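Colleague: Dumping the structure here so I can ask a few things about it.
The values are calculated or read from the model by the stated rules, or taken from the named source; none is laboratory data. None of these values were measured; they are calculated from a predicted model. Here the Cβ positions follow ideal geometry from the backbone for every residue, glycine too, while neighbour counts run over all protein chains shown. Calculation scope for accessible area: heavy atoms of the full protein, side chains included, ligands and nucleic acids excluded. Shrake-Rupley method; radii C 1.70, N 1.55, O 1.52, S 1.80 Å.
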Amino acid sequence: MRVVYRGLAVAAAVAAVAVTLVVVVLPSGPDEVAAGPVTAPPAAPSSSGPAPSPEVGEPVQAAKASPTPSASLAPGYTAMEALYADPRVPKLTSEIRKIKPRPPARLVLKDRRTGLAVPRLGRPWKAHNPAPFTTKQVLPRQRGTSLRGILVTCPLPIMEQKSPRDTALLAARWTLNHHPKGSRITWLAAQPVKRGWMLIYRVKYGKHSSRAAVVVMDGGMSKPGLAFVTVPDTQRKHWSDVGRVAAGVRVLG
């Protein structure tokens, strides 16, 4: 019996050692891991040199996500930073020409919501159901394409910037939502106008293009008004109407 008890004691000791080893080898439970501090990766270094290391106890800031050419903004970026990072919209330089002044249009379409008046274009242009805009004029549809000339007005659909020029640039970028996918802008004319700014540009998509213009103007409402016109190359004989509209937007009254 003494031999049996001695054997049982040895077995118990071996089991205790095994349990101890299991406790040491197994990882901590999930609650213990989650309770530990989790920090964001350090911000990417700037072009002027590596980012300084944070002081002990200072929270580490997350790096900015790169802005994308979509309508939305990447976290931490301003609207203008997103614009400058958008390859679809080139930089507007002082070399871009201006257009000659034109006499006011005799017939206008009044938009009371924006406080603006735009030229009422003659046939084949015609007034159309404006939704989601406040006024709308269109050219007839052509067989084989869904693209056609349009002229619309509405309260500014983007955030107003400190300068009318910057606001107009963002408005032109916004109009790419109303052109075929993959469209890119080439500036044709740019200049300040009374209480606003005007841009004329070409929109290239594949083998085709449109001529377009935006005018951002303060019509005395809570937000500036936007006039936007675009005509595809399948209706290029009406391209002169783009310049006529751009030069003809006026404040009511």
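Colleague: From the C-alpha coordinates alone, can you work out the Kirkwood hydrodynamic radius of region 159-205, in Å? Numbers along the way, then the final one.
Modeller: Numbers: mean 1/r = 0.0886 Å⁻¹.
Here the Kirkwood hydrodynamic radius works out to 11.3 Å.
Colleague: Once you place label points 7 Å from the Cα toward the Cβ at SER222 and THR78, how far apart are they in nm?
Modeller: 2.5 nm
Colleague: Given the convex hull over the Cα atoms of region 88-153, what projected area results after averaging over all orientations, in nm²?
Modeller: 7.4 nm²
Colleague: Using a 7 Å offset from Cα along Cα-Cβ at SER163, what residues in region 90-114 end up with backbone N under 12 Å from the label point?
Modeller: 92-94
Colleague: Now for a different question. 5 Å is the cut-off here: which amide hydrogens, built 1.01 Å from N in the peptide plane, fall below it relative to LEU109, excluding neighbours closer than 5 in sequence?
Modeller: The list, which skips near neighbours in sequence, is VAL118, ARG120.
Colleague: Could you list which residues have their amide H under 5 Å from that of GLN191, counting only those 5 or more apart in sequence or on another chain, with H placed in the peptide plane?
Modeller: MET198
Colleague: Enter the mean projected area of the convex hull around the alpha-carbon atoms of region 108-251, in nm², rounded to one decimal. Write down the numbers at each step before the final one.
Modeller: On the way: hull surface 31.9 nm².
Over all viewing directions, region 108-251 projects a mean Cα-hull area of 8.0 nm².
Colleague: Another question, if that's okay. Excluding same-chain pairs closer than 8 in sequence, count the lysine pairs in region 108-251 whose Cα atoms lie under 14 Å apart. Walk me through the intermediate numbers first.
Modeller: Details: LYS110/LYS136; LYS126/LYS136; LYS162/LYS223; LYS181/LYS204; LYS181/LYS207.
Final tally of qualifying lysine pairs is 5.
Colleague: Can you tell me the length gained on complete extension of the stretch ALA131 to ARG148, counting 0.36 nm per residue apart and subtracting the Cα distance?
Modeller: Working: separation 17, 0.36 × 17 = 6.12 nm, distance 1.65 nm.
Going from the current span to full extension adds 4.5 nm.
Colleague: Counting only protein heavy atoms and using a 1.4 Å probe, what share of the accessible area of region 108-251 belongs to carbon plus sulfur, as a whole percent?
Modeller: Within region 108-251, the accessible surface is 51 percent carbon and sulfur.
Colleague: What translational D, rounded to a whole number of µm²/s, comes out for region 102-190 from Stokes-Einstein when the hydrodynamic radius is the Kirkwood one over Cα pairs, at 10 °C and 1.306 mPa s?
Modeller: 106 µm²/s
Colleague: Right, something else. What is the gain in length, in nm to one decimal, between ARG123 and LYS110 on full extension, counting 0.36 nm per residue of separation less the C-alpha to C-alpha distance?
Modeller: Roughly 2.9 nm would be gained on extension.
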